[in-house]
């Protein structure tokens, strides 16, 4: 039997977490979970108003995600989850859930800004991109469970890279 896969696609808003996560989950024939769907209403309202989240806003959300992925790992149910996980401490919290792999979608700020201008039906306005860039702590070589993915390519190529690097 093939080993379960526990994958979290991370990066700033507009890096492609949802699109790549869905495509990757489909290619691997496993469940996709959208981390943004787990935000408390207060967080969504705050972002809709153009106010950046801070650590005290994010910790409860990250704990919800951790509980969700812990349950999947205990049940041995493979998944791909999208979650910004901008800081090392956030990723450390998620690591407590079990043996997960992170795919960091690395893309230029210019490309992300361009994508956000064309994105519809999302509660986070493009005006908050700078706050995400400022909060981002790029994964270091110390984080051996993080795979860097060049997300500036066509989505099919990005997914292919994800699969080959996993």
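Quick look at the values:
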{"item": "Some residue of region 16-26 being modelled with pLDDT under 95, under 22 Å from residue 134 (Cβ atoms), under 11 Å from the mean Cα position of the chain (by Cα) and not in a helix (DSSP H, G or I)", "result": "yes"}
{"item": "Scan of region 46-61 for residues that are in a helix (DSSP H, G or I) and surrounded by fewer than 16 Cβ atoms within 10 Å (Cβ to Cβ), ordered by number", "result": "48, 55, 56, 59, 60"}
{"item": "Scope region 132-156; condition over 16 Å from the mean Cα position of the chain (by Cα) and more than 20 Å from residue 21 (Cβ to Cβ); matching residues", "result": "134, 140, 141, 142, 144"}
{"item": "Residue in region 27-45 that is surrounded by the most Cβ atoms within 10 Å (Cβ to Cβ), counting only those that are assigned to a helix (DSSP H, G or I) and in contact with a helix residue (DSSP H, G or I) (Cβ under 9 Å, 6 or more places away or on another chain)", "result": "35"}
{"item": "Residue match in region 104-121 (condition: on the phi > 0 side of the Ramachandran plot, modelled with pLDDT of 90 or more and surrounded by fewer than 16 Cβ atoms within 10 Å (Cβ to Cβ))", "result": "no"}
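The values are calculated or read from the model by the stated rules, or taken from the named source; none is laboratory data. Keep in mind that what you see is a predicted model, and the values were worked out from it rather than measured. FYI the Cβ positions are ideal-geometry reconstructions off the backbone, even for glycines, and counts take in every protein chain you see.
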